[in-house]
1. Specify the angular offset, from 0 to 90 degrees and rounded to the nearest 10, of the alpha carbon long axis of helix B:57-75 from the longest principal axis of the alpha carbons in chain B.
2. Where both residues lie in chain A, what percent of DSSP beta bridges are antiparallel, nearest 5?
3. Would you check chain A for Lys pairs whose C-alpha atoms are within less than 18 Å, ignoring same-chain pairs closer than 8 in sequence, and give me the count?
4. Compute the Cα gyration tensor for the protein assembly as shown, then decide on rounded, prolate or oblate, letting a ≥ b ≥ c be the square roots of its eigenvalues: rounded whenever a/c is under 1.5, prolate when a/b is larger than b/c in the other cases, and oblate in all that remain.
5. Rank B:ARG224, B:ARG81, B:ARG345 by mean-square fluctuation in a GNM of chain B with C-alpha springs under 10 angstrom and give only the top-ranked residue.
6. If you take every DSSP beta bridge fully contained in the protein assembly as shown, what fraction is antiparallel? Give it as a percent rounded to 5.
7. Tell me the angle of helix A:11-22 to the major Cα principal axis of chain A, expressed in degrees between 0 and 90 and rounded to the nearest ten.
8. With charges set only on the Cβ (+1 for Lys and Arg, -1 for Asp and Glu), what does the dipole of the protein assembly as shown come to about its Cα centre, in debye to the nearest 20?
Amino acid sequence: MKIVAAMSGGVDSAVAAARMIDAGHEVVGVHLALSQKAATLRQSARGCCTLEDAGDARRVADVLGIPFYVWDLAARFREDVVEDFLAEYAAGRTPNPCVRCNERIKFAALLDKAVALGFDGVATGHYARVVERPDGRRELHRAADPQKDQSYVLGVLDEDQLARSFFPLGDTAKPEIREEARARGLSVASKPDSHDICFIPDGDTRGFLTRALGERPGSVVDVEGQVVGSHSGAYGFTVGQRRGLGLDRAGLDGEPRYVVDVEASTNTVVIGTRDLLGVDTVVGEHARWCGPAPDGTVALGAQLRAHGEEYAASARANGDEVHVRLAERVRGVAAGQSVVLYDDTRVVGSATIREAPRARVRA
Amino acid sequence: MSPAAIEAMTEQMARTGNASSLHTSGRLARRVVEESRETIAGAIGCRPSEVVFTSGGTESDNLAVQGTYAARRDADPRRVRLLVSSVEHHAVLDCAEFLTAHEGAKVTLLEVDPQGRITPDIVRAALVEDADSAAVVSVMWANNEVGTIQDIAGIAAVTKEFGVPMHTDAVQAVGHVPVDITASGVELASLTAHKLGGPIGVGALVVQRDHHLVPLSHGGGQERQVRSGTLDVPGIRGFAAAVEESVSELDTERARLTSLRDQLVEGALRLDLDITVTGPWTRGDAIDRLPGNVHLLVPGCDGDSLLYLLDAAGIECSTGSACQAGVPQPSHVLLAMGIAEEQARGALRLTLGRTSTPADVEAVLGALPHAVERARRASFGTA
């Protein structure tokens, strides 16, 4: 097959490309230019899409002996991922930009362009497995290495997308990938992993939001509605957050306080004690099912954030929505994150958490 | 590289000798350098002493623009204005930008007409505006992207009237079209070896005898104290061999490439794909356009998609310029010619050279319809 290997400049996508070549495919390396200012050199081990990363990807492609191109999807990325990220935070939610990027860029804009140019699919260095069933349909499964599993951020892919997606690293543990890169003579073998959000290379999400959205001073209130402090923008807070609340200590009983709600409409941050954080119901919207939607209420596992635990749950599809009841109370569930449903290792579907009703104490 | 240049260069590589040394091998090396200088000077119509060897076109452009700026400003602090054409290579444009940011320069961009031409009148108007502030004028002999050949002698006649030195980046012209530096009237001209069949990494700046230039590199004082650094004797030897060969075969090669170019352009226009040709193009003409240059605009396509599809079909071409990260940018040359950014994205630049044959032209014309059709679909997908 003719395959585009998406090459970020990191070790994972490098080995993924190499494995696709080994499997006999005709592979072309493509680096996505996603930053508006591509000509910035790496400042730390974080992030990707810098000039240095494009150079690293090109170097790998040269060693592998495959053609290499840079495709400029910066405008699409800005619109579909960064603007969405800002709008979500402004609306009081906590988005996962990697999910959006996979949904709209890597397995949409990139995949569509590749198909239009005559390619059969796209290979990436994600840790997940695509399993082809005897009837030809594709399933997405967790990676063999649970530490690196990225099926959560790929849960938005539907069967058509999965049919054209290749994750050659899904059956291997990360240390082996580095070893393999070294054995293949790839210069990126010991390059640090990228973390956090690629378009916030310094890792300071709140600073990024403040620069983009401006300061919006407002109140921090307790669950009775009493003002207990102030903030410079409710968008900078996430449910479950404990640090940086800027509380006026007086009047509190010394027990730690957490963000239990972010009310965008009134620019208010609500804090409460730890016991108020737990939720046992989650409503997801924009549900995407890998295969048919489940019929009735089914027992599944639910993962509520990237690298989070999986909880026993029951789920019921309802049109575009999914209602999830958790077997135990789970803390720190934030609207805007994905709820991904699993049947053993198989991804059943994914939705964006619209609400996770906490125990309402307010009148 | 041309076989003659490879042979000349490799022969020299087997010999040791620093051309600045006094011992026997040094003298022999120096003789090779000076003979090469004479060969090049003879081929391009200047004196041997006017040829300053450099590492290539970029260094030559930097030395010409920055070195002249420094010399002119030192002599008269008012002379801080650079008049450069808007379609120059980045080696000139970015020099102007650097001098603006760090050395107090002011830049006047000389506008081009829709064919990419700078008329002598445009230069005159820019000089008349404030003649006392002009440090140097820089207009390329022939454009690397769209192949437009400028009226260098006409422009130099104007700069002479105002007593302002003129530089021309002749990298694309030497060996491809007749170039006589002295007759053109310019004070400075940049050359590079690899654009005419010579090795990569060597070039020259022609500096008229009484033109004053402040050096950028300092050290051993080689090359009239203007360009210090140990001379690359084998490279210079290969450079000279390539200049000699390309200039001596210029007439026949120019006619051959012009005909190939016209076949390619006419064939592309006939494909019924809404393709247009950029820059001046008249069948059989090699006065206004470089013989081997074909530049097409393919509406509704991203140049990078075309590039991939044609490369996959065994055709090597380019879209114009690329930034360091490799992200295709709309070419500043096309934008300066008044072409909209959207159209400029569908640029396709095909260069014909010594090894190009009619079969190559047929191959391009055969691959284009499929490539354009697919590229248009891909462009639709990401719009």
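Read-outs throughout are calculated quantities, based only on the coordinates presented, and are distinct from any laboratory measurement. Quick caveat, the model's predicted, so the values are computed rather than measured. Counting neighbours? That spans all protein chains shown, and the Cβs are built from the backbone with ideal geometry, glycine included.
1. Helix B:57-75 sits roughly 50 degrees off the main axis of chain B.
2. DSSP beta bridges in chain A are roughly 75 percent antiparallel.
3. So the count of such lysine pairs works out to 5.
4. It comes out prolate by the Cα gyration axes.
5. Residue with maximal mean-square fluctuation among B:ARG224, B:ARG81, B:ARG345: B:ARG224.
6. Taking every DSSP beta bridge within the protein assembly as shown, about 65 percent pair in antiparallel fashion.
7. 40
8. Using only the charged Cβ atoms, the result is roughly 1220 debye.
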